[in-house]
Amino acid sequence: MAASADVIARKRYLESTGSRRFVRFWGDFVRRRPLGTAGAALILVMIAAAALADVIAPYDPVKINFADLLQGPSSRHLLGTDPFGRDVFSRLVFGARTALLVGFVSSLVGCTVGLVLGVISAYFGGRVDTLIQRLMDVLLSFPLIVIAIAVVAALGTGQGLIGNVIAAITVPIIPRVARVVRSSALSVVRMPYIEATRSVGAGAVRIMFRHVAPNVFAPYLIMMTAFLGQAILLEASLSFLGLGVFEPTPSWGLMLRGAGMQFLEQAPWLAVAPGVAISMAVFGFNLFGDSLRDALDPRLRTG
Amino acid sequence: MRRYVVGRLLLMIPTLVGVAILTFVIMRAVPGDIVALQYAGSTVPQSVIDEQRHILGLDKPMWNQFTDWMGQIAHGDLGQSLWTGHPVVEEIQIRLPLSIELAILATLFAVAIAVPLGVLAAVRQDSWVDYVIRVFSIGGLSMPSFWIGLLMVLFTITVFNWAPPLIFTPITEDPAANLAGLILPAIAVGYRYSAVSMRMTRSTVLEVLREDYVRTARAKGVRESVVVMRHALRNALLPVVTVISLEFAFLIGGLVVTEQVFNLNGIGKLLVDAVAHRDYTMIQSLVLLLAAVFVLVNFAVDMVYMFLDPRIRYA
């Protein structure tokens, strides 16, 4: 039943071209994948919050106000205030910017570097392949958080050093993507059309990036959505440990760190609100990524 | 067969050497060494600082430091912690039981909910049961486990007026107190890790249910529950076992944040402290140890695979 619906959708999708193909694809996606659509909606809410933060947030997220310390949720402060009197709701809204910035840049860079390494590895094979794969094995044998901590420690942390946090999250993404891309690309490089391209005299770089890379785009896209969520989660964990974003930058992980832990009993909203924000954001990306995987490539399993 | 095993074991060496080199280089690239940190802000003359560096061997060329360290490792000696001066092995021995116990408890919890729910989701594919289970599992992947931990503490405090003990009791002294300290972190971490195995169980069971021998079993009138439990699940569990084992290897050193929330003194905390103190020998040994555990578990999984599934033959 479900399989035949997939086939019909696929056929209709292949028959249409250009912008109609795009509209068809998303039309089908919304109609047949309610979970994925819910995820996309969550992502859109988050993007809107980040883009319109200045309009939505009722207060300045970094302004300290000693008159309103640790206030509970009320009509004046929707989600209460923290021990510096800063409005929690405003900090949450601005925190969406930090989360999206870190998540998007690190998963884009990580997945792209992984894509390039995976394609090179599959195309050349032999010694190049062995070398790259051994290197990826080395990176993979560290727990994710451990390698991120090591990179942060090496580059240093502090205010305004958000680029280092991004780098720390990018590094562990690379080997995971490279491995999946390599295995998809291995079957592509054996295709007759690659042989044909080579026989008309195309160079290695051209074949790899004009002919092989576009054909492993589906796993690339899927992993990018999945890692976007994971990157947001990792940023929260690093900030929570004090190794990520620094005060006074609004960051969800950071909000959980200090006050969330310390005032757990007196001011539970400080711990609940940022956690809900993190979970919803990551949940959105995970739901969307999952459905995108089913829609783009039903055979692919990333575990 | 024997050639394969020996080959795999030999291949671990370059991976571990790579890990060793990488950690070594990364840590030396970090600005500030342990001596600079110890005397930060004090007015000790430079000569004292230099002497301290000399005692710790930090004034030698990088290359010598690395070969010295490799030589020590080859003799089975992990060296002394630069920070506490105690042997690294001792420091690790104190924390390892806690980390291993937590990893075991979390894995048990994860398996106990992942396998039944994964099978249920597969059997009821595309029904509301499937949707609820999938949302539950994606939720596990989405919530930071340290936040789940915080919420659980908040919940037990407000509802039962009970908080997990602040001091860890070894299981040999008082199993009940030991369990009281570890049960919440084990659930928080186990929920997250169950999500991955649950999804794996679901997709492999779905795949196996389409196999010919399942159709044969159904055709000869075997009850559906027996088909699922005996024919499908048994064959579907192999990849699940892999996922679970690899997660277990990660859990030993990867629970940095959860340990922080529950004030547990485990391997993860030891590692973060060592990074903060620039305790080179401690970091290098720990990372190498964790990588070795991971590589060995990986290898063990492949061996178990071969044992469980006679169709797999490595050449």
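The table for this structure:
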| item | result |
| --- | --- |
| B:E173 of a type in the set (D, E, K, R) and not in a helix (DSSP H, G or I) | yes |
| Evaluation of B:G71 against (1) more than 27 Å from A:V282 (Cα to Cα); (2) within 14 Å of chain A (Cβ to nearest Cβ) (one fails), failing number | (2) |
| Residue list for the stretch A:243-254, restricted to those being within 11 Å of chain B (Cβ to nearest Cβ) and in a helix (DSSP H, G or I) | A:W252, A:G253 |
| Qualifying residue in the stretch B:30-47 (condition: part of a helix (DSSP H, G or I), β-branched (V, I, T) and within 14 Å of another protein chain (Cβ to nearest Cβ)) | yes |
| Filter result for A:L270 (at pLDDT 85 or above and either in contact with a Phe, Trp or Tyr (Cβ under 6 Å, 6 or more places away or on another chain) or more than 24 Å from A:A38 (Cα to Cα) (or both)) | no |
| Single condition A:V272 does not satisfy, out of (1) within 11 Å of another protein chain (Cβ to nearest Cβ); (2) not in a helix (DSSP H, G or I) | (2) |
| Unique residue being surrounded by fewer than 22 Cβ atoms within 10 Å (Cβ to Cβ) and in contact (Cβ under 8 Å) with a residue 24 or more places away in the chain when the list is A:L78, A:L161 | A:L161 |
| Of the criteria (1) in contact with a Leu (Cβ under 7 Å, 6 or more places away or on another chain); (2) exposed (fewer than 15 other Cβ atoms within 10 Å of the Cβ), which one B:E224 fails | (1) |
| Conditions (1) surrounded by fewer than 21 Cβ atoms within 10 Å (Cβ to Cβ); (2) more than 14 Å from chain B (Cβ to nearest Cβ); (3) closer than 26 Å to B:L22 by Cβ: number failed by A:L135 | (2) |
| Any hit, the stretch B:276-297, residues being of a type outside the set (F, W, Y), within 30 Å of B:L154 (Cα to Cα) and not in a loop (DSSP other than H, G, I, E, B) | yes |
| Selection status of A:I149, closer than 15 Å to A:A236 by Cα and within 14 Å of chain B (Cβ to nearest Cβ) | yes |
| Close pairs from the stretch B:190-213: first in contact (Cβ under 8 Å) with a residue 40 or more places away in the chain and under 28 Å from B:I252 (Cβ atoms), partner part of a helix (DSSP H, G or I) and aromatic (F, W, Y), Cβ under 8 Å, at least 6 apart | B:G190/B:F109; B:Y191/B:F109; B:S194/B:F109 |
| The lone exception for B:T107 - which of (1) polar (S, T, N, Q); (2) assigned to a helix (DSSP H, G or I); (3) within 14 Å of chain A (Cβ to nearest Cβ) it fails | (3) |
| Filtered residues of the stretch B:48-66 (kept if in a helix (DSSP H, G or I) and surrounded by 12 or more Cβ atoms within 10 Å (Cβ to Cβ)) | B:V48, B:I49, B:D50, B:E51, B:Q52, B:R53, B:H54, B:L56, B:Q65, B:F66 |
| Leading residue by the ranking (farthest from A:L101 (Cα to Cα)) among those in the stretch A:227-268 that are of a type in the set (G, A, S) and surrounded by fewer than 24 Cβ atoms within 10 Å (Cβ to Cβ) | A:A267 |
| Meets criteria (part of a helix (DSSP H, G or I) and either over 24 Å from the mean Cα position of the chain (by Cα) or not small (G, A, S) (or both)) for B:L102 | yes |
| Search result, residues across the stretch B:1-40 that are over 30 Å from B:D302 (Cβ atoms) and among the polar types (S, T, N, Q) | B:Q38 |
| Test: residue in the stretch B:135-147 that is surrounded by fewer than 21 Cβ atoms within 10 Å (Cβ to Cβ) and away from chain A (no Cβ under 12 Å) | no |
| Boolean, B:Y213 is more than 9 Å from every other protein chain (Cβ to nearest Cβ), among the aromatic types (F, W, Y) and buried (at least 23 other Cβ atoms within 10 Å of the Cβ) | no |
| Residue in the stretch B:176-194 that is away from chain A (no Cβ under 13 Å) and over 29 Å from B:V243 (Cα atoms) present | yes |
| Single match in B:L150, B:L154, B:L179 (criterion: assigned to a helix (DSSP H, G or I) and buried (at least 20 other Cβ atoms within 10 Å of the Cβ)) | B:L150 |
| Test result for A:A178, in contact (Cβ under 8 Å) with a residue 24 or more places away in the chain and not in a loop (DSSP other than H, G, I, E, B) | yes |
| Total residues in the stretch A:276-297, condition within 10 Å of chain B (Cβ to nearest Cβ) and more than 17 Å from B:A195 (Cβ to Cβ) | 1 |
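A quick yes/no check of all residues on (1) at pLDDT 80 or above; (2) in contact with a Lys or Arg (Cβ under 8 Å, 6 or more places away or on another chain); (3) under 27 Å from B:L96 (Cα atoms):
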position: B:G149; (1), (2), (3): yes, no, yes
position: B:A163; (1), (2), (3): no, no, yes
position: B:I171; (1), (2), (3): no, no, yes
position: B:M200; (1), (2), (3): yes, no, no
position: B:Y213; (1), (2), (3): yes, no, no
position: B:M229; (1), (2), (3): yes, no, no
position: B:E247; (1), (2), (3): yes, no, yes
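The values are calculated or read from the model by the stated rules, or taken from the named source; none is laboratory data. Not measured: the values here are computed from a predicted model. Backbone-built Cβ (ideal geometry, glycine too); neighbour counts: all protein chains shown.
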